[in-house]
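*Asks:* I'd like to ask some things about the structure below.
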Amino acid sequence: MRSALKSRLRWGWIGGLLALSAFVVWDNWGDALRPKSFSTPDSQVSAASVERGQYLARAGNCIACHSAKGSASMAGGRRIDTPFGSVFSSNLTPDPVTGLGTWDRDDFWRALHHGRSKDGRLLTPAFPYNHTSVITRQDSDDLLAWLQSLPKVKQPQPDHTLIWPIGTQAALAVWRTLFFKPRPFQSDAGETPEWNRGAYLVQGLGHCAACHSPRNALGASGPVSDLTGGLMPVVNWYAPNLTSERETGLASTPLPEIVRLLRTGTSAKAQTSGPMAEVVQHGTQHMTEADLQAMGVYLQSRAQKSADAAPVAVRTKVSLPVAEKGLQIYDRHCAQCHGEQGQGVITAAGDKAYPSLTGNRAVLLNDPTNLVQMVLYGGYGPATRLHPRPFGMPPAVLELEDRDIAAVLTHLRTQWGNQANEVTPLQVNRIRAAQGH
Amino acid sequence: MKSPLHLVAWTLSGILGLTAIAAQAQTPARFADNMAERTRACMACHGDQGRAGPDGYYPRLAGKPAGYLHNQLRNFAQGRRHYELMTRLIDPLTDEYLGEMARYFSSLDLPYLPPSASNAITPERLAKGQQLVTQGDASRGLPACTQCHGARLTGVQTNVPGLLGLPLDYLNAQLGAWQTGQRKALAPDCMAEVVKRIPAEDLIAVSSWLARQPLPADTHPAAKAPEGKPLPEALRCGSAPALSGGRP
């Protein structure tokens, strides 16, 4: 009697698992059984389509991942580190063996919309196909037209080095069933065409949420419209919450200033650095005024609709030795450019040479990651067509110890009316250690 | 004997003097919208005005040929030279802007410090170093350093660097990097080929001799490479086409 029950239970388990597996398989490859419903003739590729494709590729900053340093553009091979190991980007040039030479529009659409390669392989979500899934069929065809117009480059894609079993097709299939659903753009009839265009660009090509949303333990970012900010793994930059007035101030920033930041890399009250500088450099600076404006309208409306949590009153009690050290380091290393009162420097031409630190949102972010990055490794903002000669900040990594950096950051987070919490040497050390020097 | 009044006056003027110095130190230098200001990020490692870094690993930039400096910035940007801090700084910048920075550092005319190398090395080894630098080694097909880097070894306009006034640590690090392929130049990579022909044990003799030489009276790069037969085919320079008669 008991053994019969056991056996039935066992069969139940097995049956359940089989059904679940069948579902996962159907969920990931099911559409392959359906006829190619989107098929369009490949025959005529117009020059206009190639040109549109190039524009779209810039808007999507495809080049950032699909080009390796010193190698041909779009020939892939760039290593992208993830918490689960490294992946290497694919060659998108029309080489028939190592690139997309044999791909037709349906194949390319399947990669963008379903996240599956021509041979049926599931792609790793380092390729943000939850976002490319939003892209329209027309834009997908144009992108391919441009890619097929590039010089053929023979460059095989190196094998990913993901930890087992993360990179296996079975694991990817389960991951996708949990976190991915091919989904075309959902326009909002209650909003203007401009707003919808902005939403399409932000959620699709722009793949903003790939950085600006939190990732879960399995590496999945939020929905394509989630803009609530997140710490980027491995590279250690915090992509701020775009809906928060405290973090990014998009609700109150005049629209032309939002456009200016995306187009030039700098605006009256903000400037881009780290991964966002790269986005401006390769991507948004090349976009049209109309598209940038549309993105600005959408982002601003999202920020205006979200209610910020009431600011937590921060009363940082800084010990005397830390305060003294912070002031001393500030005077010696920072004041010459940022001013004794943290006021910064504006050139006679009205260009922001050194940003003001008072009331600066980047200084006041609750998470000090970006500040630590900037002080440790310094850097320039992006040199763009409209802002070609930026000023830069020297790296302090060889000169200042973790304690010094923590003290000086605490200093500027608590001076001149600034109110943010203390930065600890441990927080500085965590980033220094992760960057490897 | 000095009166107490004198003492008070001396002390007072001393205090006033000190205060004046302190006040001066606190006043930030006047901001000028120029390249010196725009290249501040470089100074933390390469020293004030690019006159060389504090620890011997960061080379002087001032007065080097502009084409050479620009090529190095491109080498970092395109992955032929590797130093994460450097790459990170220049990645967001355009090639035009990097060129402007190169020309700026090239235009600076600053005095050199006397050579400071004091590593232990026998006079025979130093003589070997001098011989390789000034005569090369015909049996190995190794040209003299002076053939490309100028008779005075102060470099040649506009793409060949000088070899004097560089710290021993930097010279060793660079020769080692050429040897292992860690440092590269635009293909065809003549310097990689040259270093391959220097016996490994003689690299230190070469660097030790170079790092001991005082600068000549004229420290500027020569306008042209010394007259002589052009480089053989195997030693063509992608980074300095002029050396092989203009063919890259």
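*Asks:* Of the residues B:Leu89, B:Leu93, B:Leu61, only one is within 10 Å of chain A (Cβ to nearest Cβ), in a loop (DSSP other than H, G, I, E, B), under 26 Å from A:Gln281 (Cβ atoms) and not acidic (Asp, Glu); which? Can you show your working first?
*Replies:* Numbers: B:Leu89 fails: in a loop (DSSP other than H, G, I, E, B); B:Leu61 fails: within 10 Å of chain A (Cβ to nearest Cβ).
Of the residues listed, the single one that is within 10 Å of chain A (Cβ to nearest Cβ), in a loop (DSSP other than H, G, I, E, B), under 26 Å from A:Gln281 (Cβ atoms) and not acidic (Asp, Glu) is B:Leu93.
*Asks:* Within the group B:Asn172, B:Asn159, which residue is of a type in the set (S, T, N, Q), crowded, with 22+ Cβ neighbours inside 10 Å and in contact with a helix residue (DSSP H, G or I) (Cβ under 9 Å, 6 or more places away or on another chain)?
*Replies:* Within the list B:Asn172, B:Asn159, the selection yields B:Asn159.
*Asks:* Here's another thing I want to ask about it. Does any residue of region A:122-144 turn out to be surrounded by 19 or more Cβ atoms within 10 Å (Cβ to Cβ), of a type in the set (Lys, Arg) and either touching a strand residue (DSSP E or B) at 6+ places or on another chain (Cβ under 9 Å) or more than 18 Å from A:Gly222 (Cβ to Cβ) (or both)?
*Replies:* The answer is no, given that none of the residues of region A:122-144 is surrounded by 19 or more Cβ atoms within 10 Å (Cβ to Cβ), of a type in the set (Lys, Arg) and either touching a strand residue (DSSP E or B) at 6+ places or on another chain (Cβ under 9 Å) or more than 18 Å from A:Gly222 (Cβ to Cβ) (or both).
*Asks:* Of all residues in region A:74-99 being loosely packed, with under 15 Cβ neighbours inside 10 Å and more than 20 Å from the chain's Cα centre (by Cα), which is farthest from the other protein chains (Cβ to nearest Cβ)?
*Replies:* Ranking the candidates gives A:Pro96 first.
*Asks:* Further question on the same structure: Mind counting the residues in region A:343-360 that are among the polar types (S, T, N, Q) and within 8 Å of chain B (Cβ to nearest Cβ)?
*Replies:* Adding up the residues that qualify gives 1.
To keep it simple, each residue is scored yes or no on (1) touching a residue at least 60 places away in the same chain (Cβ under 8 Å); (2) assigned to a loop (DSSP other than H, G, I, E, B); (3) under 16 Å from the mean Cα position of the chain (by Cα); (4) closer than 25 Å to B:Gly79 by Cβ.
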position: B:Gln179; (1), (2), (3), (4): no, no, no, yes
position: B:Lys184; (1), (2), (3), (4): yes, yes, no, yes
position: B:Val194; (1), (2), (3), (4): no, no, no, yes
position: B:Glu201; (1), (2), (3), (4): no, no, no, no
position: B:Ala205; (1), (2), (3), (4): yes, no, no, no
position: B:Pro214; (1), (2), (3), (4): yes, yes, yes, no
position: B:His220; (1), (2), (3), (4): yes, yes, yes, no
position: B:Lys224; (1), (2), (3), (4): yes, yes, no, no
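*Asks:* If you go through region B:149-167 one residue at a time, do you hit one that is assigned to a helix (DSSP H, G or I) and in contact with a Cys (Cβ under 6 Å, 6 or more places away or on another chain)? Give the steps one after another, and end with the answer.
*Replies:* Just the residues of region B:149-167 that are assigned to a helix (DSSP H, G or I), to begin with: B:149.
The next check asks that each one be in contact with a Cys (Cβ under 6 Å, 6 or more places away or on another chain); those that pass are none.
No, the conditions are met nowhere in region B:149-167.
*Asks:* Give A:Leu386, A:Leu426, A:Leu364 a once-over and let me know the one that is of a type outside the set (S, T, N, Q) and closer than 23 Å to B:Ala77 by Cβ.
*Replies:* Among A:Leu386, A:Leu426, A:Leu364, only A:Leu386 is of a type outside the set (S, T, N, Q) and closer than 23 Å to B:Ala77 by Cβ.
*Asks:* Mind checking which residues of region A:322-342 are within 14 Å of chain B (Cβ to nearest Cβ) and of a type in the set (Gly, Ala, Ser)?
*Replies:* A:Ala335, A:Gly339, A:Gly342
*Asks:* Next question. Looking at (1) more than 9 Å from chain B (Cβ to nearest Cβ); (2) within 21 Å of B:Arg38 (Cβ to Cβ); (3) not in a loop (DSSP other than H, G, I, E, B), which is the one condition that is false for A:Arg432?
*Replies:* (2) is the only condition that A:Arg432 fails.
*Asks:* Can I ask one more? Looking at region B:101-120 only, could you name the residues that are within 14 Å of chain A (Cβ to nearest Cβ) and either surrounded by fewer than 18 Cβ atoms within 10 Å (Cβ to Cβ) or within 19 Å of A:Gly274 (Cα to Cα) (or both)?
*Replies:* B:Arg103
*Asks:* Something else now. Can you run down the residue pairs with Cβ atoms below 6 Å, 6 or more apart or on separate chains, where the first is in region A:365-385 and more than 7 Å from every other protein chain (Cβ to nearest Cβ) and the partner is among the hydroxyl-bearing types (Ser, Thr, Tyr)?
*Replies:* Filtered contacts from region A:365-385: A:Asp367/A:Tyr238; A:Thr369/A:Tyr238; A:Asn370/A:Tyr238; A:Thr384/A:Thr264.
*Asks:* Next up: Tell me, which residue of region B:30-56 that is facing chain A (nearest Cβ under 10 Å) and of a type in the set (Lys, Arg) is nearest to B:Leu98 (Cα to Cα)?
*Replies:* B:Arg38
*Asks:* Let me ask something else. Would you be able to say whether some residue in region B:196-208 is surrounded by fewer than 22 Cβ atoms within 10 Å (Cβ to Cβ) and under 25 Å from B:Leu108 (Cβ atoms)?
*Replies:* No.
*Asks:* Take residues that are over 21 Å from the mean Cα position of the chain (by Cα) and tell me which of the helices (runs of 4 or more DSSP H) falling wholly in region A:156-234 contain 2 or more.
*Replies:* In region A:156-234, the matching helices (runs of 4 or more DSSP H) lie at A:169-179, A:193-203.
*Asks:* What residue, among those in region B:98-117 that are among the aliphatic types (A, V, I, L, M) and within 20 Å of B:Ala36 (Cβ to Cβ), is farthest from the chain's Cα centre (by Cα)? Give the derivation first.
*Replies:* Let us first name the residues in region B:98-117 that are among the aliphatic types (A, V, I, L, M), namely B:98, B:101-102, B:108, B:110, B:113, B:117.
Next cut, within 20 Å of B:Ala36 (Cβ to Cβ) only: B:98, B:101-102, B:108, B:110.
Values: B:Leu98: 17, B:Met101: 15, B:Ala102: 12, B:Leu108: 13, B:Leu110: 12 Å.
If we take residues in region B:98-117 being among the aliphatic types (A, V, I, L, M) and within 20 Å of B:Ala36 (Cβ to Cβ), then B:Leu98 is farthest from the chain's Cα centre (by Cα).
*Asks:* Run down A:Thr243, A:Thr284, A:Thr248 and say which single residue is more than 20 Å from A:Asp367 (Cβ to Cβ) and either buried (at least 21 other Cβ atoms within 10 Å of the Cβ) or touching a Gly at 6+ places or on another chain (Cβ under 8 Å) (or both).
*Replies:* A:Thr284
*Asks:* While we're here: Go through region B:75-86 and report how many residues are in a helix (DSSP H, G or I) and either more than 14 Å from chain A (Cβ to nearest Cβ) or in contact with a helix residue (DSSP H, G or I) (Cβ under 7 Å, 6 or more places away or on another chain) (or both).
*Replies:* 4
*Asks:* Further question on the same structure: Report whether or not B:Glu124 is within 14 Å of another protein chain (Cβ to nearest Cβ), surrounded by fewer than 18 Cβ atoms within 10 Å (Cβ to Cβ) and not β-branched (Val, Ile, Thr). Outline the logic, then answer.
*Replies:* Values: within 14 Å of another protein chain (Cβ to nearest Cβ): no; surrounded by fewer than 18 Cβ atoms within 10 Å (Cβ to Cβ): yes; not β-branched (Val, Ile, Thr): yes.
So B:Glu124 fails the test.
*Asks:* Here is a follow-up. Hey, among A:Gly326, A:Gly342, A:Gly350, A:Gly359, which residue is part of a helix (DSSP H, G or I) and among the small types (Gly, Ala, Ser)?
*Replies:* Numbers: A:Gly342 fails: part of a helix (DSSP H, G or I); A:Gly350 fails: part of a helix (DSSP H, G or I); A:Gly359 fails: part of a helix (DSSP H, G or I).
Going through A:Gly326, A:Gly342, A:Gly350, A:Gly359 in turn, the sole match is A:Gly326.
*Asks:* Another question, then. Give the residues of region A:16-67 that are at pLDDT below 85 and either in contact with a Pro (Cβ under 9 Å, 6 or more places away or on another chain) or loosely packed, with under 10 Cβ neighbours inside 10 Å (or both), sorted by residue number.
*Replies:* The answer is A:Asp31, A:Leu33, A:Arg34, A:Pro35, A:Ser37, A:Pro41, A:Ser43, A:Gln44.
*Asks:* Condition first: among the small types (Gly, Ala, Ser) and buried (at least 21 other Cβ atoms within 10 Å of the Cβ). Now tell me which residues in region A:397-437 satisfy that.
*Replies:* A:Ala406, A:Ala407
*Asks:* In this structure, is A:Gly339 closer than 24 Å to B:Ala41 by Cα, under 30 Å from the mean Cα position of the chain (by Cα) and not assigned by TED's automatic domain parsing to the domain that holds A:Asn241? If you could, list the steps in order and put the result at the bottom.
*Replies:* Working: closer than 24 Å to B:Ala41 by Cα: yes; under 30 Å from the mean Cα position of the chain (by Cα): no; not assigned by TED's automatic domain parsing to the domain that holds A:Asn241: yes.
Answer is no for this residue.
*Asks:* Looking at (1) of a type in the set (A, V, I, L, M); (2) at pLDDT below 95; (3) over 19 Å from the mean Cα position of the chain (by Cα), which is the one condition that is false for B:Ala52?
*Replies:* B:Ala52 satisfies every listed condition except (3).
The values are calculated or read from the model by the stated rules, or taken from the named source; none is laboratory data. Since the structure is predicted, the reported quantities are computational estimates derived from the model, not experimental observations. Glycine gets a Cβ as well: all are built from the backbone with ideal geometry, and neighbour counts include every protein chain shown.
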